[in-house]
1. Take VAL113 and tell me if it is closer than 18 Å to LEU189 by Cα, at pLDDT 95 or above and buried (at least 18 other Cβ atoms within 10 Å of the Cβ).
2. Using beta carbons and a limit of 9 Å, which pairs, at least six apart or on different chains, have the first residue in the stretch 148-177 and in contact (Cβ under 8 Å) with a residue 60 or more places away in the chain and within 18 Å of GLY67 (Cα to Cα) and the second one acidic (Asp, Glu) and away from the ligand (no atom under 12 Å from the Cβ)?
3. Which numbered condition trips up ASP234, out of (1) in contact with a Phe, Trp or Tyr (Cβ under 8 Å, 6 or more places away or on another chain); (2) surrounded by 19 or more Cβ atoms within 10 Å (Cβ to Cβ)?
4. Take the stretch 289-321 and flag every residue that is in contact with a helix residue (DSSP H, G or I) (Cβ under 7 Å, 6 or more places away or on another chain) and either free of Cβ contacts under 8 Å to residues at least 24 places away in the same chain or in a loop (DSSP other than H, G, I, E, B) (or both).
5. I need the strands (runs of 3 or more DSSP E) fully contained in the stretch 137-248, keeping only those with at least 3 residues that are not hydrophobic (A, V, I, L, M, F, W, C).
6. Suppose we keep only residues that are of a type in the set (Gly, Ala, Ser) and at pLDDT 95 or above within the stretch 164-187. Which one would you say is farthest from the ligand (Cβ to nearest atom)?
7. Tally the residues that are surrounded by 24 or more Cβ atoms within 10 Å (Cβ to Cβ) and within 14 Å of the ligand (Cβ to nearest atom), restricting the search to the stretch 206-223.
Amino acid sequence: MRHLMATAALLLTLGPAVGQEYPTKPINIIVPAAAGGPTDAISRVTAGAMSKVLGQQMTIENMGGAGGTLATARAARAEPDGYTLLIYHVGLATAQTLYRNLPYDTRTAFAPVGLITDAAMTVVARSDYQPATLMDLIEHLRKPATKASMGNAGVGSASHLCGMLFQSETKIQITTVPYRGTGPVMNDLIGKQIDLSCDQATNTTPQILGKQIKAYAVTTKTRLKSLPDVPTADEAGLKGFELGVWHGMFAPKGTPPAIVQKLAAALRTALKEPDLIKRFSDISTDVQPQDRATPEAAQKMLLGEIDRWAPIIKASGQYAD
Ligand code: ASP
């Protein structure tokens, strides 16, 4: 009897198995970009669908600046209890090389949950920008008298990476204007305060279709179904210019594996939702296949992308610090 009571007392102190009851309160998702941009849109749609699966609200905390590294540092230092998460993209991997003094090591700072989406980039301009085609644009930018401005979300962002590749491929130097996300870049492009941007189709599709901005190219091998009139960069004359941007969910290192697995399972369920798939496809954004919405696939992607971009960034000599 005494033995039984002792066992019961021990079970009470241990409480329910970690992860079994999780989540018991709202989960905060740190988003390293301003509201209104692609990372924000992807995070909000994902959070809405996952909230339903988990039975708890997922809130979004937008924190732009320093190419996403301020927010990433905050997420890396957060309590690893499953109540603070990060949704970010390829910039997580490129920052590891672009910033020589990061306050975290991207390779070890996170417990990846899973990949969420994949999207093409688009080379876009203000609606009244003169050059008609991508080749006209390149010719225009090559003229010494041309003064063009390109908005991006800071060194380390996907828009920065795309602009950097565009400039190195074309051997052109363009003045870049950093913002806290490409939501505000889009506002200024529509308002004709800046000339150019290279941003995810997630953010540019509605404005291209609405003719509020001009599109020169998409960075995929084949044209996007949602933008059938926009040529690929390759078709438009910039051979082999391809860039896709993945987004994933990450928890701070030390988050209990049972919680990470529960989040990954909820993510996979959310990514099967027809409403979520439609909302993403309307903004030219692909949902990752089920076997990539896993901790293993996200970890592999993160480490692989750090290694893939490091030599390209080093060769460009364009460091942030
Ligand atoms: N698209 C942005 C980038 O260039 C960030 C954002 O989502 O606002 O990384």
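The values are calculated or read from the model by the stated rules, or taken from the named source; none is laboratory data. Model, not experiment: these values are computed from the prediction. In this analysis, Cβ positions are derived from the backbone assuming ideal geometry, glycine residues included, and neighbour counts consider all displayed protein chains.
1. Here the answer is no, as VAL113 does not meet what is asked.
2. That search, which allows pairs on different chains as well, returns VAL155/ASP321.
3. Evaluating ASP234 over (1) in contact with a Phe, Trp or Tyr (Cβ under 8 Å, 6 or more places away or on another chain); (2) surrounded by 19 or more Cβ atoms within 10 Å (Cβ to Cβ) leaves (2) as the failure.
4. GLN290, ASP291, ALA293, THR294, GLN318, TYR319, ALA320
5. The strands (runs of 3 or more DSSP E) meeting that bar are 149-152, 175-178, 196-200.
6. This residue is GLY183.
7. Here the count works out to 1.
Residue by residue, here is whether (1) within 21 Å of SER168 (Cβ to Cβ); (2) not in a strand (DSSP E or B) holds:
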{"residue": "LEU70", "(1), (2)": "no, yes"}
{"residue": "TYR88", "(1), (2)": "no, no"}
{"residue": "THR97", "(1), (2)": "yes, yes"}
{"residue": "PRO103", "(1), (2)": "no, yes"}
{"residue": "THR106", "(1), (2)": "no, yes"}
{"residue": "VAL123", "(1), (2)": "yes, no"}
